[in-house]
Amino acid sequence: AKKKGVSQLVYFNTRMVDELRDRSMMLSELKESLDNQMFTLMYQPQVDLNTHQVVGVEALCRWRNKQNEQVSPDVFIPLAEQSGLILSLGEWVLHKALDDLHRIRCIKPFVRMAVNVSTLQFNDPDFEKVVSNALALAGLSGNCLDIEITESVGVLGSVEVEEKLARLKKLGVMISIDDFGTGFSSLSYLDKLSADQLKIDKSFVSCMNPINSGSNIADMIVALGRKFHLNVIAEGIETEEQFNALKAQGCHQGQGYWFSKPLVIDDLVNWLEQK
Ligand code: C2E
Ligand code: CA
Ligand code: CA
Ligand code: CA
């Protein structure tokens, strides 16, 4: 039994070493990628459920490694966060997305750019400066930008977070709470929150069905939004049934494969021109 225990330990350790080596290899590749322009952005339209007008697009980051394989952002974003690289990557995303917004606004002048901001980025003391610099460089006003944060940025409703949000809102920037309801924070902050929008996570949209209609989590978030005067947008709308159900509950906006998958900028421009 002892022998077996030792060999399992050895096996486990080499696996851990392998994983560590993979991670550090990926990390050094990630760092090089910023210089070598290996990151790209795709854009997914956000649509008003009543008027069908495109109101915004969400920038979603893509990365191809040296083997030319697409790596999911669910893999490389956490790694960029752990290493601090997310600060420079996040800044690049902001600049690139606002630059591309000019092309989008030639077709649809009021479309907003939604950008995902990670906790480390939001909590960086320079974050507001990074945002205002990016806006100034692109020659755009704050109301062109929608910042998607999650509950993990800190205690929403706390003085610290609220002051930061208020300063961002002074720039005219819109604030959305991404993946709303998937975290573990309480709802007690909602009446103090200076955000503009709640974003329903796709996990709550995919489980909508005719039987739980009116009493599922997505519907409750829509009701919360109404109560607290917050706009509500649903992500991951894949079917007409989901679209109809959300619209019937009074959800304002949506995005998902049913409207469009995330598109490279040229395809997005074509898509917008055909609308
Ligand atoms: P998220 O912000 O919750 O983004 C929604 C994800 O759902 C995206 O995955 C999007 O492509 C996908 N999606 C959109 N419509 C549908 C649909 O109808 N059905 C299904 N099944 N999925 C849909 P993606 O692009 O793989 O991004 C994953 C996550 O990575 C994002 O989740 C976000 O948290 C993070 N991420 C992506 N880009 C950035 C970035 O530039 N900065 C930061 N900090 N995080 C990013
Ligand atoms: Ca998002
Ligand atoms: Ca997110
Ligand atoms: Ca989500």
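The values are calculated or read from the model by the stated rules, or taken from the named source; none is laboratory data. Bear in mind the structure is a predicted one, so any value in this text is a computation, not a measurement. A quick note on method: Cβ atoms are made from the backbone with ideal geometry, for glycine too, and the neighbour counts reach across all protein chains shown. Side chains are part of the model used for accessible areas, which takes the heavy atoms of the whole protein and leaves out ligands, DNA and RNA. Shrake-Rupley method; radii C 1.70, N 1.55, O 1.52, S 1.80 Å.
Overview of results
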{"quantity": "Accessible area per residue, Å², the chain with all protein chains present, probe 1.4 Å", "calculated": "53"}
{"quantity": "Cα-centre dipole for the chain with unit charges at Cβ (Lys and Arg positive, Asp and Glu negative), debye to 20", "calculated": "340"}
{"quantity": "Accessible area (Å², 1.4 Å probe, nearest 10) - V117", "calculated": "10"}
{"quantity": "Along principal axes, Cα extents of the chain, largest first, whole Å", "calculated": "67, 48, 43"}
{"quantity": "Dipole of the chain, positive direction: furthest Cα of Q44, I211, L98, with charges on the beta-carbon", "calculated": "I211"}
{"quantity": "Normalised convex hull volume, segment 225-270, alpha-carbon set, Å³ per residue", "calculated": "80"}
{"quantity": "Global size of segment 196-275 as Cα Rg and Dmax, reported in angstrom", "calculated": "13.5, 41"}
{"quantity": "Sparse-neighbour loop sites [trypsin sites (Lys or Arg not before Pro); segment 46-84; at most 14 other C-beta within 10 Å; DSSP]", "calculated": "K66"}
{"quantity": "Listed residue pairs exceeding 24 Å between alpha carbons, taken from K170/K199; K96/K202; K164/K192; K31/K261; K96/K261; K129/K275", "calculated": "K96/K202; K31/K261; K129/K275"}
{"quantity": "Nearest-10 value in Å² for the accessible area of K247, using the 1.4 Å probe", "calculated": "70"}
{"quantity": "Chymotrypsin sites (Phe, Trp or Tyr not before Pro) within segment 57-119: DSSP coil, no more than 16 neighbouring Cβ in 10 Å", "calculated": "F110"}
{"quantity": "Alpha-carbon gyration tensor eigenvalues x 5, square-rooted, for segment 176-234, Å", "calculated": "20, 12, 10"}
{"quantity": "Sequence of I200, I107 from largest to smallest accessible area, 1.4 Å probe", "calculated": "I107, I200"}
{"quantity": "Rounded to the nearest 20 debye, dipole of segment 143-227 from Cβ charges on Lys, Arg, Asp, Glu", "calculated": "200"}
{"quantity": "Crossing angle, helix 240-249 versus the chain [Cα axis fit, 0-90 degrees, rounded to tens]", "calculated": "60"}
{"quantity": "Stokes-Einstein D in µm²/s, Kirkwood radius over Cα pairs - segment 63-192 at 10 °C with 1.306 mPa s viscosity", "calculated": "100"}
{"quantity": "Helical contribution to [θ] at 222 nm, DSSP H n ≥ 4, -39,500 (n - 2.57), averaged over the chain, rounded to 500", "calculated": "-15500 deg cm²/dmol"}
{"quantity": "Rounded Å value of the spacing that divides the Cα centres of segment 93-109 and segment 156-200", "calculated": "25"}
{"quantity": "Carbon and sulfur %, accessible surface of segment 29-83 computed with the full protein complex present, 1.4 Å", "calculated": "44"}
{"quantity": "Segment 21-126 shape via C-alpha gyration tensor axes, a/c threshold 1.5", "calculated": "prolate"}
{"quantity": "Nearest-ten-degree value, helix 127-138 long axis tilted from longest Cα axis of the chain", "calculated": "60"}
{"quantity": "Translational D in µm²/s for segment 123-181 (Stokes-Einstein at 20 °C, 1.002 mPa s, Kirkwood Rh from C-alpha pairs)", "calculated": "179"}
{"quantity": "Residue among L268, V155, S28 farthest towards the positive dipole end of the chain, charges placed on Cβ", "calculated": "S28"}
{"quantity": "Accessible-area value, S260, 1.4 Å probe, nucleic acids and ligands omitted, Å²", "calculated": "10"}
{"quantity": "Fluctuation leader among G157, G183, G250 - the chain, Gaussian network, Cα springs under 10 angstrom", "calculated": "G183"}
{"quantity": "Excluding exposed DSSP-loop GluC sites (Glu not before Pro) (at most 15 other C-beta within 10 Å), longest clean stretch of the chain", "calculated": "70-237"}
{"quantity": "Centroid-to-centroid separation of segment 136-154 and segment 31-76 [C-alpha atoms, Å]", "calculated": "16"}
{"quantity": "Carbon + sulfur, % of accessible area of segment 156-221 - ligands and nucleic acids excluded, 1.4 Å", "calculated": "59"}
